[in-house]
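One structure is given below, encoded as structure tokens.
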Amino acid sequence: MYLSKYFLPILKENPSEAQITSHRLMLRSGMIKQSSAGIYSWLPLGLKVLKKIESIVIEEQIAAGHIPILMPTIQSAELWRESKRLDDYGKEMLRFEDRHGRLMLYGPTNEELVTDIFRSFISSYKDLPKTLFHIQWKFRDEVRPRFGVMRGREFFMKDGYSFDIDKKSAIHAYNRHMISYLKTYERLGLKAIPMKADTGPIGGDYSHEFLVLASTGESQVFYDSNISDLSLGDNHIEYDNSSNLKSIVNKFTTPYARTDETHDVTLFEKIPENRRMSGRGIEVGQIFYFGTKYSESMGAKIDLPNGKRIPVEMGSHGIGVSRLVGALIEANHDQHGIIWPKAVSPFDAVIINLKQNDKKCHEISIKIYDILKVNGFDILYDDRFESVGAKFSSIDLIGIPIQIIVGPRGLSEGILEIKSRKDGIRKNIPLSENFLELINAIKI
Ligand code: ATP
Ligand code: MG
């Protein structure tokens with residue numbers, strides 16, 4: 001993409017409404033525009049990042065054996081009457097009437113809809129287990145939308161629903177979600193800690209929230225520092241191997257890690273003092289096994305081999321896809337702007353032409369651009385007629401991990417410079433016919 005032809009409405013001034021870094025940087029780098037409180041348009045750069053996160057989430061869900069579907073944003077209130085949640089949900093649910101006077105709502109979550117899909121088509125143990133998921137916009141009329149996409153009213157969420165024959169199998173589904181979520185966050189370059197969450201009136205141990213440590217997080221967190229060393233790494237996960245999954249889950253859930261909602265001072269103080277950590281965290285996901293709460297009220301039943309009919313065991317599992325964009329920026333920025341982890345960067349690299357009106361600089365830049373494109377890279381070419389300072393400050397702001405700097409001095413010496421956005425380290429690359437060294441440098 002040539003920057004002169006792109007749509008990247010960068011703001012020079014700090015927007016006064018932004019209280020936290022990620023919100024400020026998203027507005028300044030032209031990723032989003034607020035349309036009303038807690039509701040945003042996603043501009044090209046923001047949309048690219050959102051879609052990259054979405055694809056990683058989808059890949060990891062499919063790897064775990066979960067099946068993608070797409071349910072609508074608008075739901076009929078009828079199903080919510082059946083589950084008896086219509087009144088309980090309160091003011092966070094946006095309700096309206098259609099032209100026939102039927103009560104409709106913009107879905108804040110999809111347990112009812114998916115349970116209705118399940119009961120319409122599945123009635124035998126032979127069709128289980130099944131986990132259906134989608135990534136769709138949700139609406140919750142939050143009292144205080146704030147921090148940009150972190151606490152929006154309209155937000156993009158992955159929600160998955162597991163259906164199982166019994167509790168044992170449902171816990172296996174829970175474990176699959178725990179591990180596929182950890183894997184997802186790791187691939188995004190984020191450290192998210194599973195913390196025991198409140199299960200409300202349902203009780204039991206089976207809800208965890210995933211928190212990214214950040215000083216601007218809305219949750220107070222307490223944890224054992226040992227948990228920070230854990231990672232799944234590149235190990236292949238056998239999602240059908242339930243005992244193996246269980247031992248991985250045990251490893252991640254044994255060290256103490258809780259938010260203030262479930263914090264237990266007595267337990268916390270049993271950890272050696274030098275390992276007791278506390279801070280703030282951003283909730284980027286939650287998993288929940290809740291048994292037959294919806295299947296019972298909505299009559300989603302399955303036939304067992306012995307002919308008995310029982311309500312199906314369920315769980316629901318969510319990832320805040322749009323919130324992750326903010327969380328990623330909170331975790332990856334410096335005083336100059338965003339520093340995207342490679343996996344979610346809107347472009348793989350950016351070519352900065354230091355002297356746009358120099359014919360040779362432009363020609364070489366285009367040549368590099370074309371070669372990198374042929375090699376499968378997504379490249380931004382800063383071909384604006386701007387000062388060097390203006391180019392660097394806007395390119396640093398938008399956070400593309402690798403900058404390829406083309407200038408008359410370098411070219412006369414037969415070199416290009418590449419700069420890593422993260423640590424500012426510059427490296428010279430000799431100009432060559434095929435740019436092999438450059439290609440290799442970007443691949444790393
Ligand atoms: P919170 O406690 O932050 O209000 P929640 O527990 O109500 O979130 P869930 O129902 O668990 O949210 O939704 C799954 C995920 O969706 C959350 O972990 C979070 O990452 C994301 N999410 C929830 N509400 C919002 C929101 N208003 N804006 C952006 N993302 C959200
Ligand atoms: Mg939650």
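Each value in this text was obtained by applying a stated rule to the coordinates, not by laboratory testing. This one's a predicted model, so the numbers in the text were calculated from it and none came from an experiment. Ideal geometry is used to build each Cβ from the backbone, glycine not excepted, and the neighbour counts take in all protein chains shown.
Structure above, values below:
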| read-out | value |
| --- | --- |
| Long-range amide H partners of G30 with built H, under 5 Å | L11 |
| Positive dipole terminus of the chain, leading residue within S76, F347, P430 (C-beta point charges) | P430 |
| Isotropic mean projected area of the C-alpha convex hull, region 57-109 (nm²) | 5.0 |
| Long-range HN-HN contacts of I193 with modeled amide H, under 5 Å | L211, V212, L213 |
| Integer Hz, Karplus 6.51/-1.76/1.60 couplings in order for region 242-250, x for Gly and Pro | 5, 6, 5, 4, 4, 5, 5, 4, 4 |
| For region 23-114: span of alpha carbons on each principal axis (Å, largest first) | 43, 38, 24 |
| Mean separation of Cα contacts under 8 Å, 6 or more apart, over the residue count of region 254-367: relative contact order % | 16 |
| Debye, to nearest 20: dipole size of the chain, +1 on Lys, Arg Cβ, -1 on Asp, Glu Cβ | 580 |
| Evaluated at q = 0.10, 0.12, 0.24 Å⁻¹: base-10 log I(q)/I(0), Debye formula over Cα of region 347-443 | -0.22, -0.32, -1.46 |
| Within region 224-310: Cβ-based charge dipole about Cα centre, in debye rounded to nearest 20 (Lys, Arg +1; Asp, Glu -1) | 340 |
| Karplus-derived 3J(HN,Hα), 6.51/-1.76/1.60, for each residue of region 278-286, Hz, glycine and proline x | 9, x, 10, x, 9, 6, 10, x, 8 |
| Amide proton proximity set for I415, modelled H, under 5 Å, gap of 5+ | L431 |
| Cross-link pairs K251/K342; K33/K391; K138/K443 - those with Cα-Cα distance over 32 Å | K138/K443 |
| 0 to 90° range, to nearest 10: angle between helix 44-63 axis and the chain longest Cα axis | 50 |
| Model label zone, S278; criterion: amide N under 14 Å from point 7 Å along Cα-to-beta-carbon; scope region 217-233 | 219-224 |
| Of L27, V149, P408, farthest towards positive along the dipole that unit charges on Lys, Arg, Asp, Glu beta carbons give the chain | P408 |
| Karplus-derived 3J(HN,Hα), 6.51/-1.76/1.60, for each residue of region 152-163, Hz, glycine and proline x | x, 8, 9, 8, 9, 9, 8, 10, x, 10, 9, 10 |
| The chain: relative contact order in percent, alpha carbon pairs under 8 Å with at least 6 residues between | 17 |
| S35-D98 FRET efficiency (beta carbon distance; Förster radius 25 Å; 0.05 resolution) | 0.60 |
| C-alpha long axis of helix 359-374 to longest principal axis of the chain, angle in ° | 30 |
| Difference of contour (0.36 nm per residue) and Cα-Cα distance, N250 to D166 | 28.2 nm |
| Region 6-67, relative contact order [Cα under 8 Å, separation at least 6], % | 25 |
| CD proxy at 222 nm, helix term only [per DSSP H run n ≥ 4: -39500 (n - 2.57); per residue of the chain; nearest 500] | -9500 deg cm²/dmol |
| Overall dimensions of the chain by Cα: Rg and Dmax, Å | 24.6, 83 |
| Stretchable slack from K5 to E78, in nm (0.36 nm times residue separation minus alpha-carbon distance) | 21.4 nm |
| Extended-chain gain in nm, criterion 0.36 nm per residue less alpha-carbon gap, S123 and K427 | 103.2 nm |
| Neighbour cut-off at most 14 other Cβ (10 Å), DSSP loop, trypsin sites (Lys or Arg not before Pro), region 1-32 | K12 |
